[in-house]
1. I'm told Ser138 meets every condition in (1) within 16 Å of the ligand (Cβ to nearest atom); (2) surrounded by fewer than 13 Cβ atoms within 10 Å (Cβ to Cβ) except one. Can you identify the failing condition by its number?
2. Picking from Ala137, Ala154, which residue would you name as being under 16 Å from the mean Cα position of the chain (by Cα) and either outside the structural domain of Pro31 (by TED's automatic domain parsing) or not hydrophobic (A, V, I, L, M, F, W, C) (or both)?
3. Given the criteria under 25 Å from Ala194 (Cβ atoms), within 14 Å of the ligand (Cβ to nearest atom) and either of a type in the set (A, V, I, L, M, F, W, C) or not in a strand (DSSP E or B) (or both), does Tyr126 qualify?
4. Just a yes or no: is a residue in segment 43-56 in contact with a His (Cβ under 6 Å, 6 or more places away or on another chain) and aliphatic (A, V, I, L, M)?
5. For residues that are of a type in the set (Ser, Thr, Tyr) and within 21 Å of Ser111 (Cβ to Cβ), scanning just segment 188-228, find the one that is surrounded by the most Cβ atoms within 10 Å (Cβ to Cβ).
6. For a quick check of your reading: which strands (runs of 3 or more DSSP E) sit entirely within segment 1-85 and have at least 2 residues that are under 22 Å from Asp153 (Cβ atoms)?
7. Take segment 84-133 and flag every residue that is among the β-branched types (Val, Ile, Thr) and within 27 Å of Ser48 (Cα to Cα).
8. For segment 4-47, which positions are surrounded by 20 or more Cβ atoms within 10 Å (Cβ to Cβ) and either among the small types (Gly, Ala, Ser) or out of contact with any strand residue (DSSP E or B) (no Cβ under 7 Å at 6 or more places or on another chain) (or both)?
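The values are calculated or read from the model by the stated rules, or taken from the named source; none is laboratory data. Just so it is clear, the structure is predicted and the values come from calculations on it, not from any experiment. Virtual Cβ from ideal backbone geometry, glycine too; neighbours counted across all protein chains shown.
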Amino acid sequence: MTNTANTSAIACQVISVEALTPGISKVVLRPEQAADYSAGHYLQLVLSENDKRPFSIASSARSELLELHIGTPAGDTWSSAALSHIEQQFRAGLPVMAEIGLGQAQLRETSNRPIILLAGGTGFSYVYAIAQTLSAASASQPVFLYWGVRHQDALYYQSELTEWARQHKQFRFIPVVQQPGPGWQGRTGLVHEAVLADFVSLEPYDIYIAGPFAMAGIAREAFAEHGAHREHMFADAFAYI
Ligand SMILES: Cc1cc2nc3c(=O)[nH]c(=O)nc-3n(C[C@H](O)[C@H](O)[C@H](O)COP(=O)(O)OP(=O)(O)OC[C@H]3O[C@@H](n4cnc5c(N)ncnc54)[C@H](O)[C@@H]3O)c2cc1C
């Protein structure tokens, strides 16, 4: 399914709001009617008729609950306003409205090509849904999940991902910390540069990308120069840049 517009808003009960890190919250919603979406789709939280804000759906499409990861960095008002709206409705016992199942960058489930999942920061939400779906489908192709963050304390699902990779010998999890603190022994630098360093050519891969728009744009061009086919790179950020 590929949706871009005219999706009706569905009322969703707010089940929980909890901090994953000081600047990132996990929100769980229960749609009051069946929501049609695939791994890699996003929803738009309706703040008003003219103010709808996109958030990737972190939960697998099999789940009755929708999980969101909302980053509210210092100075941000865009996602803070969305989170405040959700918290306000939660306290009042009222639902939020969301248009569910949007985007063009959902998992291509019929492709058998090896996969690279590239996440910057809370772009992890998007790749997490895809990773869970590949795992549930016992996908046989190699899957490399790269998650880049500025500081290691933002790797809020590191243990889940380590376990995900442990359970499937063809899955790899590569966290990449931009500004490592003491004790970090893993990869460092910008996350897309880690991908460039690890692959001689990206020609065989389906590549799914989410994160800051600047990262998505830079990665698309650098990956294309490194052999990736543009028609095999997927990111909803591409529609915004
Ligand atoms: C369809 C859609 C869905 C969205 N879903 C969500 C969501 O679920 N949650 C949410 O909070 N926001 C979402 N957004 C908003 C936006 O995408 C996020 O605010 C953004 O991804 C947040 O990144 P960050 O601050 O966590 O990453 P940062 O902490 O800024 O960066 C993380 C890593 O990305 C890389 N990176 C960052 N900047 C650059 C650069 N200039 N060049 C190269 N590499 C770079 C680095 O490796 C860095 O360590 C969404 C937007 C759209 C359009």
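1. Tallying (1) within 16 Å of the ligand (Cβ to nearest atom); (2) surrounded by fewer than 13 Cβ atoms within 10 Å (Cβ to Cβ), Ser138 fails exactly one: (1).
2. Unique residue meeting the criteria: Ala154.
3. yes
4. Yes, because at least one residue in segment 43-56 is in contact with a His (Cβ under 6 Å, 6 or more places away or on another chain) and aliphatic (A, V, I, L, M).
5. Of everything passing the filter in segment 188-228, Tyr208 is surrounded by the most Cβ atoms within 10 Å (Cβ to Cβ).
6. So the answer is 9-21, 24-31, 51-56, 66-71.
7. If the condition is that a residue be among the β-branched types (Val, Ile, Thr) and within 27 Å of Ser48 (Cα to Cα), then Ile86, Val96, Ile100, Thr122 are the ones that fit.
8. Ser25, Ala35, Ser38, Ala39, Gly40
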